[in-house]
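Report on the structure given below.
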Amino acid sequence: MKIIVDTEIELQQMEESDSPDIFNTINNEREHLGKWLPFVSFTNDLSDTEKFVKSVINAPENRFEYIFTIRKNNQFAGIIGFKDTDRLNKKTELGYWLSESYCKQGIVTKSVEKLCEFAFRQQGLNRIQIKCAVENISSKNIPKKLGFSFEGIERQGELHTGNFYTDLEVYSKLKSEFCHT
C-alpha cells in the first residue's frame, strides 16, 4: 500500500527490502535518533532491523499495524505508523521518526495529517493519540500544529537508554474533530 502525501512525499507500507535503509539511518544517526528513541541502543546489526521488519510484515491479523516508510523524492526519510491499536475501542497511537537531514521540512506534519485521514476515513477509527517526550520540542510541535488536544503528562512513561524514565506529553484527536464534513 502506498499513500501519496504530496508531489514529493509518499508513505509506503513497510517491506523486507526496507531493512537496509532503516538500519543504515539508525546506525549513522545514533546520536540524533537515540536521544528520543529507546530502540536505537539495541539496534546493533542489520539483523536486528530485519527481525523488526519481519515482525511488522508477518504480524497476525489481530495484531497487524500499518507502518510505513516515509520517502521524499523516492529516498528513505523515516518511519511513521500506528501502534497499540485497540480495534474494539477504535483507537490507536501514532509514532514517527525522521532522518536528521529531512527534519524541519514539514514532512512528518504532512504525513501525520494524511495518516489521520486514512485512520478516520478508511479504517473507521475514532481516536488517535500521539505521545512525545516532554523535552522533545520538535515532536510536540506536530500534534500542536495539527490541532490535537493536549491531555496531560504520562509520568515516567518511557524507559530510555541509561535506565532513566522520561515524562511524555499525550495529545489526541477524535474523528469528530478531523472530519468536518
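Some observations on this one:
- Positions within region 162-179 being touching a residue at least 24 places away in the same chain (Cβ under 8 Å) and of a type outside the set (Ser, Thr, Tyr), in sequence order: 167, 168, 169, 170, 173, 174, 175, 177, 178, 179
- You will find that of 36, 97, the residue that is in a loop (DSSP other than H, G, I, E, B) and of a type outside the set (D, E, K, R) is 36 and no other.
- Output for region 117-172, where each listed residue is in contact with a Leu (Cβ under 7 Å, 6 or more places away or on another chain) and not hydrophobic (A, V, I, L, M, F, W, C): 126, 127, 131, 154, 157, 158, 165
- Considering only residues in region 144-155 that are in a strand (DSSP E or B) and either touching a residue at least 40 places away in the same chain (Cβ under 8 Å) or not basic (Lys, Arg) (or both), the one that is surrounded by the fewest Cβ atoms within 10 Å (Cβ to Cβ) turns out to be 152.
- Filter result (modelled with pLDDT under 95, in contact with a Phe, Trp or Tyr (Cβ under 8 Å, 6 or more places away or on another chain) and crowded, with 17+ Cβ neighbours inside 10 Å) within region 156-174: none
- Residue pairs whose Cβ atoms lie under 9 Å apart, separated by 6 or more positions or on different chains, with the first residue in region 105-124 and modelled with pLDDT of 95 or more and β-branched (Val, Ile, Thr) and the second part of a loop (DSSP other than H, G, I, E, B) and surrounded by fewer than 19 Cβ atoms within 10 Å (Cβ to Cβ), are 107/8; 109/146; 112/146.
- Qualifying residue in region 24-37 (condition: surrounded by 13 or more Cβ atoms within 10 Å (Cβ to Cβ), at pLDDT below 95, of a type in the set (A, V, I, L, M) and touching a strand residue (DSSP E or B) at 6+ places or on another chain (Cβ under 8 Å)): yes
- Only residues that are among the β-branched types (Val, Ile, Thr), in contact (Cβ under 8 Å) with a residue 60 or more places away in the chain and more than 12 Å from residue 71 (Cβ to Cβ) were counted in region 1-24, giving 0.
- Tally, over region 41-76, of residues that are over 23 Å from residue 175 (Cβ atoms), touching a residue at least 40 places away in the same chain (Cβ under 8 Å) and in a strand (DSSP E or B): 5
- Filtered residues of region 37-58 (kept if among the hydroxyl-bearing types (Ser, Thr, Tyr) and touching a Ser or Thr at 6+ places or on another chain (Cβ under 8 Å)): 41, 43, 49
- Failed item in (1) of a type outside the set (Asp, Glu); (2) at pLDDT 95 or above; (3) touching a Ser or Thr at 6+ places or on another chain (Cβ under 9 Å), with residue 144 passing the rest: (3)
- Of the residues making up region 91-143, those that are within 22 Å of residue 157 (Cβ to Cβ), hydrophobic (A, V, I, L, M, F, W, C) and surrounded by fewer than 20 Cβ atoms within 10 Å (Cβ to Cβ) number 3.
The values are calculated or read from the model by the stated rules, or taken from the named source; none is laboratory data. Owing to the predicted nature of the structure, the values given are computational and were not obtained by experimental measurement. Here Cβ is always computed from backbone atoms with ideal geometry, including for glycine, and neighbour counts include all displayed protein chains.
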